[in-house]
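Reading through the structure tokens given below for one structure.
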Amino acid sequence: MAEEPCQCSDCKRFYKEHDRLIREFPTFKQQQELNWASIQSFRTLCSKVINDLQRELSERESNENKILEENHISDLEITEALDELESVNAYLYSIEALMERIFDTKFSNNVEFKFKEIAKELAPDPLNIDRLILNRLFHQTPDFPDKKNIN
């Protein structure tokens, strides 16, 4: 018997996003571009946060007498975050190098069409009328009560 997928809120959110990305980017080329953009945006954001935290730490060191407000990040938090973010950035550079190899792969329109077909099977449109009707047949919903409860 196959193990049922986890139904916690985090996993449900992941499944929903996973399926949306397959529906909206159903070809190999679109997945390449999506993943490249995602890695680049993640690296850009991490780099900007690193620069900002380094600047803040540097300013604090040069202004040791300055009283810190309660809402500021502590020096220890900044140092620990910088160490972690630098590791994350190194991993992202490694992923980027691997992605460059994936970008060397190209497929014909026929193969890209196969990707689209499989994408529809993996992640059907949740708002498709046929799927909504089937869901209502299998599950009682507030807007479509079970016939047994009607008198």
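Only the coordinates and a few stated rules stand behind these numbers; no lab work does. Everything numeric in this text was worked out from a predicted model, so none of it was measured. Quick reminder, even Gly has a Cβ in these numbers, built from the backbone with ideal geometry, and neighbours come from all protein chains shown.
Among LEU45, PRO5, LEU21, pick out the residue whose Cα is farthest towards the positive end of the charge dipole of segment 1-46, where Lys and Arg carry +1 and Asp and Glu carry -1 on C-beta, about the Cα centre. The listed residue farthest towards the positive side: LEU45. One chain, two ends: ALA90 and LYS106. Fully extended at 0.36 nm per residue, the span grows by 3.0 nm beyond their Cα-Cα distance. Take a quick pass over segment 1-123 and tell me how many lysine pairs come in under 23 angstrom between Cα atoms, counting only ones 8 or more apart or on separate chains. Value for segment 1-123: 12. Taking chymotrypsin sites (Phe, Trp or Tyr not before Pro) across segment 17-108, the ones in a DSSP loop with at most 14 further Cβ atoms lying within 10 angstrom of their Cβ are PHE107. A DSSP coil position with no more than 11 other Cβ atoms inside 10 Å describes the following GluC sites (Glu not before Pro) in segment 26-113: GLU64, GLU69, GLU70.
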